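The values are calculated or read from the model by the stated rules, or taken from the named source; none is laboratory data. From a predicted model like this one, the values you see are computed outputs, not experimental measurements. Because the Cβ atoms are built from the backbone with ideal geometry, glycine has one as well, and the counts that use them run over all protein chains shown. In case anyone asks, the SASA skips ligands and DNA or RNA and just uses the protein heavy atoms, side chains included. Shrake-Rupley method; radii C 1.70, N 1.55, O 1.52, S 1.80 Å.
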Amino acid sequence: MILPRLKKFERGLIFLGDGLLLYLAWKTAYLLRFNVDFFRMVSLYPQDPGPQPWELYRQMMAMTLPMWLIFLYKFSNLASPRVSISYFRIVVEISKAVILTSLAMLAGSFMAKHSYSRMVVIFFSAIAVIYLSIFRTLLGFVFRKFYSSTEDLRVAVVGNGKVPGLIQRILSQSSSGVAKGYNFPISSENLLAEVQKNRIREVIFSPHPHGMLAMAPLIEDCQREGVECKVVPDLLEFRMGEMVLDQSLGLPLFHLKSRSLDGFDYAFKRFFDLALSLLILGVLAVPLIIIALILKLDSRGPVFYFQNRVGYRGRTFLIWKFRTMVMDAENRLQELLDKNERPGVAFKMAKDPRVTRVGRFLRRWSLDEVPQLINVLKGDMSLVGPRPQIAREVETYDAAARRRLSMLPGITGLWQVRGRANLSQEDMIVLDLYYLENWSLALDLEILLRTVPAVLHGRGAY
């Protein structure tokens, strides 16, 4: 089969490219430290060795390059370049590996009492992250284009229930390729035939109705053919991401994480929200004033629209938005209910006649949401989180959906960057719960970065 050979070629190309770029980054760092006048006069500590010959540093890189490559693949969770990975995650994972290796190098040189310039290592770390991130991003782009052109960029999702369908929709909307679904039971022969026929390079299994042992032969046969396999944990259907292995009693127990942020995590997220909100409001002050003036000239009514929403732990608050509809929009809702384009209680209509000309423009570019930064400053909302809910929607929630209320609602979130209004209500709930139970600052930053292209693309914005 051609896939194992291609995977070896990919790994070889990555190792070769990473090795060359690490060497180039080391050389660049050396030149900056000892050939640029400003840095040549700067020292980090009194016993700085001063200018040193390149040969000394070349030998050091030759000895430590294998360690760099091992650390890079041991501590960075980067998949094959055929898999679509966010640019932000590439930078984060490479930074993690480079920083850990730099610390190991500094510790080793200190213990060995080598007088290498620490500034070279610091410069090298920053430059290596830049070089490797650009290389991995470009390589991933080239490989995905190549496999798309040869129709070999395909994923099989095997399983029953809700999770396989959600995975299929997410993969189909991304650049990861075509996702095909198969139900249990399926024999190894039939699955391998589908793999060969559709040139599938990765199989994602959801839990088998008869347990992991029933699924093991399928995984072994796929791996034997060089196809990557992933398994969705059974706990995902129950409480995603909130199980932590606890061995405090000497036994492998599962500890249930709290679903709400508190203590240091809450304070840290709150500080991040306040700092970034003030910065954005300062930058957009003039454009926001211009938008307010245009709204007053375009149609009769106030600049801002206020609506009661349900937020953290069921508390109600007034959400701020630029007004995008005519004054009697609520009164005209009843006559439009039969034209609702989204299943469930929430009303969504792509060509809603109540939306004004300026309002349609604001919605297209999500500018009507910007005043919610005031809600963030007041503590009603966060920059990232589940969307604030309408009271009549909350009344229909089951226990799983109500878990969305255990965190401050956000201006943007996972489902906003995954398709916005094009997703079903069920998909939105699943993505909100995933965010809630897997929160981290890195995830917040990634969602914020993904929000920019999502807004520019405009898919699902109405």
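Here are the numbers for the structure shown:
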item	result
Considering residues of the range 154-181 that are assigned to a strand (DSSP E or B), open to solvent by 20 Å² or more (accessible area, probe 1.4 Å) and closer than 21 Å to Val430 by Cα only, the residue modelled with the lowest pLDDT	Lys180
Single residue of the range 5-21 satisfying the filter (open to solvent by 100 Å² or more (accessible area, probe 1.4 Å) and charged (D, E, K, R)) that is modelled with the lowest pLDDT	Arg5
Subset of the range 345-377 [among the aromatic types (Phe, Trp, Tyr) and open to solvent by 50 Å² or more (accessible area, probe 1.4 Å)]	Phe361, Trp365
Long-range neighbours under 8 Å by Cβ, at least six apart or interchain, first residue within 13 Å of Val91 (Cα to Cα) within the range 134-150, second modelled with pLDDT under 75 and open to solvent by less than 90 Å² (accessible area, probe 1.4 Å)	Arg136/Leu78; Arg136/Pro81
Checklist (1) open to solvent by 10 Å² or more (accessible area, probe 1.4 Å); (2) modelled with pLDDT of 85 or more applied to Asp444, failing item	(1)
